[in-house]
Each structure stands twice: as structure tokens, then as C-alpha cells.
Amino acid sequence: MSHPFEETLNSALRHAKQHLSASHPVAATATLSELRAQICLPLNEESLDPTQVIDDLVRSVDGGLHDSAGPRFFGWVIGGSLPAALAADWLTSVWDQNAALYACAPAAAIVEEACGAWLKQLLRLPSSVSFALVTGCQMAHVTCLLAARHTVLARRHWNVERDGLNGAPAIRILTSSEMHGTIVRAVQMLGLGANSIITLPVDDHGRLRADALEAALATSPDQATIVVLQAGDLNLGAFDDFNSLIPIAKRYNAWVHIDGAFGLWANASPKLRHLLSGAEDADSWSTDGHKWLNVPYDCGYAFVADQEAHRASLTHAASYITYDDAARDQVNWNPEWSRRSRGFATYAALRQLGINGVADLIDRTCDHARALVLGIGSLPGAEVLWVPQINQGLVRFLDPEDPARNDVFTDRILAEILAAGYAFFTGTTWKGQRAMRVSVCNWQTSPADVDRVTASVARTLQAARQIPQTDAIETRVD
Ligand SMILES: *Cc1c(COP(=O)(O)O)cnc(C)c1O
């Protein structure tokens with residue numbers, strides 16, 4: 001059998017298997033100028049053989065790929081891909097369904113219905129909430145906050161979908177100083193302006209202070225307000241105290257949104273779900289599939305308690321009518337029109353793991369994060385700043401001669417760990433000091449990886465402590 005795709009797809013499969021089985025440096029090795037020279041070719045006049053294009057592509061990106069889908073990548077909050085999710089993602093492109101409408105892609109629409117139900121079950125959200133499969137938590141925030149904007153303005157007799165924001169009642173956003181940058185971007189995209197965000201202080205555990213929220217609400221008790229809470233912040237994996245904060249916000253008729261990009265998955269673990277106690281009383285929730293669930297990129301989930309608000313904020317159709325026997329057209333719930341059938345990969349990931357497999361993934365990665373932080377943090381010249389309560393922790397490194405240079409020394413060790421090629425971590429500034437973040441999200445990370453990474457960091461640190469500081473290596477890895 002020979003058809004027009006066969007040779008090219010076989011070539012891609014060969015490259016894929018090679019990539020997944022080879023051990024390569026965890027951090028990309030090519031420089032910016034090398035990558036430009038390899039990749040930015042003059043566009044060819046004539047067509048090329050498709051297999052050659054793929055072979056060339058693999059060569060062109062050589063040295064420019066982080067092993068971010070691999071087991072020793074602990075930078076930012078980045079997951080890998082489960083085998084079933086990756087394979088389903090390939091088939092998504094093969095099938096190339098336009099998941100805008102049931103009519104356009106029937107199976108894709110129903111797969112999303114199944115995903116919505118399963119996700120609500122795993123994340124312990126009320127079964128009545130609406131959902132959308134979006135590109136990531138950023139667009140999940142936009143989707144949820146569109147519904148929030150709709151509602152807080154509708155309560156003030158303002159129809160934002162029809163009349164826009166010119167002359168509308170002002171909306172303020174109350175959140176904590178530890179919020180993620182995607183909240184600011186979502187607020188900008190919504191036309192509310194970054195200045196409408198008021199950031200409030202947190203306690204020693206990174207949790208928004210209830211007295212600060214109450215005081216902020218009381219300064220303008222009748223204003224349209226959206227409160228954004230966090231389930232798992234970037235540095236500490238901190239969870240706001242939903243049981244105390246949500247009732248305060250509700251007393252002032254505020255909309256409560258929860259950023260649970262990765263932290264919402266704690267609800268899938270019987271051991272950790274106490275962290276989310278009370279979170280089910282929020283109005284909307286955002287999370288990701290491409291981080292902790294290990295679905296390939298472009299996968300986030302939005303959930304909204306008030307289905308009608310969700311739909312009204314996105315649909316262009318006049319009225320809200322659902323029929324139980326009608327399929328769900330994604331265009332009424334999603335910001336996009338034509339879109340990838342991204343439900344297939346989620347469907348496959350959830351079936352591969354099952355309820356117990358998801359819980360095990362969450363618990364296991366938390367154990368590894370803890371072991372890495374305690375192991376690295378107890379090395380001579382290192383210090384634990386935050387022991388993970390979930391899968392995020394912080395350590396820093398101590399200049400052997402001058403404690404005033406601990407920040408510089410921490411950035412230097414970070415750069416040297418990357419250069420050593422065995423593991424990947426990123427830096428952060430927490431409470432005014434530089435730190436190395438330890439973030440474990442990958443299903444493949446094993447206890448052996450943890451041991452070897454700790455030993456590798458020990459070697460890097462020991463060598464660095466014997467060589468005096470040079471300012472030449474002040475490379476920041478944020
Ligand atoms: C990663 C992250 C986001 C953004 O998610 P994307 O999927 O990258 O859009 C938002 N909030 C938190 C806490 C995150 O960790």
C-alpha cells in the first residue's frame with residue numbers, strides 16, 4: 001500500500017521514537033544565533049518533497065529543544081505527555097475535525113461532553129457547572145471572566161454583550177499579590193484595564209488575608225467586584241483559604257474565580273483534597289490539562305457555575321434555549337470558532353489513568369518534589385526555603401564567603417545546573433530573595449531520577465563552592 005501520506009508519516013514516527021528514546025541534554029544547547037541560522041532559511045521557490053521537509057525540520061531544530069516532556073525537567077510548571085494522550089493528539093491532526101459545532105465534527109463534540117463530565121467528577125466540581133476546553137489556563141481565565149463580567153454588570157442592569165464597556169459601571173478585581181500574570185492579561189483582554197486590579201497582601205503561607213479582603217470590599221461595598229483566588233500559586237503551591245474567603249466575597253455579592261492551573265488537581269487526590277475545601281462554592285474555576293494531567297500542549301479547562309452567564313457571554317445567538325436531546329455546540333462556550341478537536345487527547349489521558357491513576361500521578365509527583373527539595377536543600381551550601389505541600393518547593397544556594405551574594409550565587413548555580421545538562425530548574429524571587437523553584441509535573445519522573453538529580457546538583461554545588469565567584473556568570477534563569 002502506498003498513499004501520499006505513508007512515507008512522510010513513517011518518517012515522523014521514526015523521528016518521534018528516536019526523540020523519545022534518546023537521552024539528550026535536558027536544556028537546549030544551541031544559541032539564539034545558531035537557531036536562527038539553522039531555521040530562518042530563504043523560503044524555497046519550488047515545492048519540496050514532504051518527507052524531506054520533515055527530515056530537514058528535525059535537523060533544523062537540533063539543539064533547540066528542551067527536554068521539557070522528559071522526567072528531569074523541573075522548570076516553571078510543565079507537564080509531559082502520557083502515551084495515550086500523545087497518540088490521540090496525533091490522531092486529532094490526522095482526523096482534522098473542526099470542533100466548532102456538533103454538525104461540523106460530531107464525535108469531537110460528544111468526546112468533549114464526556115471530558116466535561118469526567119473532569120467535573122475528578123475535580124469535584126458541581127455536576128451542574130458548564131465547561132469549555134480551551135488552549136490553556138490563560139484562555140480559561142478569559143472565558144471565566146467573560147462570564148463574571150457579564151454577571152456583575154447584569155446585576156447593575158448593564159448588558160455588556162450588547163452595549164460594551166463605554167459608560168458601563170466600573171469593575172474592580174481583588175486578588176492576592178501572588179496572582180499569576182495570566183490574570184493581568186485576561187483583565188487587559190476583557191477591556192477592564194490592569195489598573196482595575198487591586199492586589200492584597202498574603203500571610204506567611206502565601207494565602208490571601210481574610211482581613212485584607214474584607215477591608216477592600218468594605219471600602220466600596222456596592223461596586224461590581226470580581227475576586228480572584230488561587231489554588232496553587234507559582235512559588236509555593238499555596239492555596240487560599242476558600243472556606244473563609246468565599247463567604248466574605250459572597251456577602252458583598254462579588255463573583256469568585258479560582259485560578260487552579262495546576263492546584264485544582266489536588267482534588268483528584270484523597271490525600272490532598274482538604275486543600276480545596278470550600279472551593280466548590282466559587283463561581284468559576286480555571287485549570288490546565290497540559291500541566292499536571294500530562295496532555296500535550298494546548299489544553300486548558302474553564303468551568304462556570306452559572307451556565308447561563310457562561311453561554312450568554314460568548315454566544316452570538318439571541319436566546320438561551322437548550323434541549324436535552326440537542327448536542328453541545330462548542331462555539332457557544334468557547335472563545336474560538338474553528339478549533340482543534342482538543343478533547344481527544346484529554347479523553348485518552350483520563351481513560352489511560354482512570355480515577356486511581358490520576359490520584360497516583362498527583363501523589364507521586366508531590367512525593368518527588370518533596371524528596372528533591374529536602375535532598376537538595378540539605379546539601380552543604382544549600383537551604384530549603386519552602387517544603388512542598390504539593391508539587392512546588394523552593395531552595396536557595398549560599399555563597400561560601402559572602403552571604404550578601406547569595407542571590408548571585410543562586411543564579412550562578414542555576415545556570416550551571418542547566419549547563420550540566422542533567423536537570424532543568426528555573427529561578428524566582430520570593431520574599432526579596434532569589435530561589436530555585438522545584439516543580440514536578442511529569443508522569444515519568446521516578447525515584448531514581450530524584451536521586452540522580454540530587455547527586456548531580458551536589459557535584460555542581462561542590463565544584464562551584466571551590467571556585468570563587470566571578471561576576472561573569474550572573475545569568476538569571478527566571
Ligand atoms: C501556568 C499557570 C497559568 C497559565 O496557564 P497557561 O496554561 O500557561 O495559560 C495560570 N496560573 C497559574 C497558577 C499557572 O501556574
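Quick rundown of the values:
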read-out: Rg followed by Dmax, in Å, when region 351-471 is reduced to its Cα trace; value: 15.1, 54
read-out: Shape of region 15-75, Cα gyration tensor, a/c cut at 1.5; value: oblate
read-out: Within the accessible area of the chain (1.4 Å probe), percent carbon and sulfur; value: 54
read-out: Approximate spin-label separation D325-S446, in nm, with each point projected 7 Å along Cα-to-Cβ; value: 5.4
read-out: H19-E336 FRET efficiency (beta carbon distance; Förster radius 25 Å; 0.05 resolution); value: 0.30
read-out: Calculated FRET efficiency for the pair A107/S127, C-beta based, R₀ 22 Å, to 0.05; value: 0.45
read-out: Mean separation of Cα contacts under 8 Å, 6 or more apart, over the residue count of region 98-340: relative contact order %; value: 29
read-out: Inter-probe distance in nm under a simple model that places probes 7 Å from Cα toward Cβ, at A463 and N356; value: 4.5
read-out: Cβ-defined net charge surrounding A168, 14 Å radius [Lys, Arg +1; Asp, Glu -1]; value: +3
read-out: Over region 112-162 - Rg/Rh using Cα atoms and the Kirkwood inverse-distance radius; value: 1.07
read-out: Surface accessible to a 1.4 Å probe, F303 within the full protein complex, Å²; value: 0
read-out: Long-range amide H partners of E383 with built H, under 5 Å; value: R396
read-out: Added length on full extension, which subtracts the Cα-Cα distance from 0.36 nm per residue, R155 to I39; value: 36.5 nm
read-out: Probe 1.4 Å, protein heavy atoms only - accessible area per residue of the chain in square angstrom; value: 45
read-out: Full-extension gain in nm, D204 to D402, via 0.36 nm per residue minus C-alpha separation; value: 68.6 nm
read-out: Equivalent ellipsoid semi-axes - Cα gyration tensor, region 98-340, angstrom; value: 27, 23, 15
read-out: The chain - charge dipole about Cα centre, Lys and Arg +1 at Cβ, Asp and Glu -1, debye rounded to 20; value: 760
read-out: Dipole of the chain, positive direction: furthest Cα of P4, C115, L208, with charges on the beta-carbon; value: L208
read-out: Cα-Cα P(r), the chain, percent of pairs per 20 Å interval; value: 22, 52, 25, 1
read-out: Pairwise label distance in nanometres, T8 with A114, each label 7 Å out on the Cα-Cβ vector; value: 2.9
read-out: Over 17 Å [Cα-Cα, region 304-415], rounded percent; value: 73
read-out: Rounded FRET efficiency, nearest 0.05, which uses the C-beta distance separating L374 from K431 and R0 of 25 Å; value: 0.80
read-out: Net charge dipole size for region 351-471 [Lys, Arg +1 and Asp, Glu -1 on Cβ; Debye, nearest 20]; value: 200
read-out: Dimensions (Å) - region 70-184, Cα atoms, principal axes, largest first; value: 50, 41, 27
read-out: Region 234-311 versus region 87-137: alpha-carbon centroid distance in Å; value: 19
read-out: Whole-number percent relative contact order across the chain, with pairs defined as alpha carbons under 8 Å at least 6 apart; value: 21
read-out: Extended-chain gain in nm, criterion 0.36 nm per residue less alpha-carbon gap, L65 and A317; value: 86.4 nm
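The values are calculated or read from the model by the stated rules, or taken from the named source; none is laboratory data. This structure is a prediction, so every number in the text was calculated from the model and none was measured. All Cβ positions, even for glycine, are placed from backbone atoms using ideal geometry, and neighbour counts span all protein chains on display. Protein only, heavy atoms only, side chains kept; ligands, DNA and RNA dropped before computing areas. Shrake-Rupley method; radii C 1.70, N 1.55, O 1.52, S 1.80 Å.
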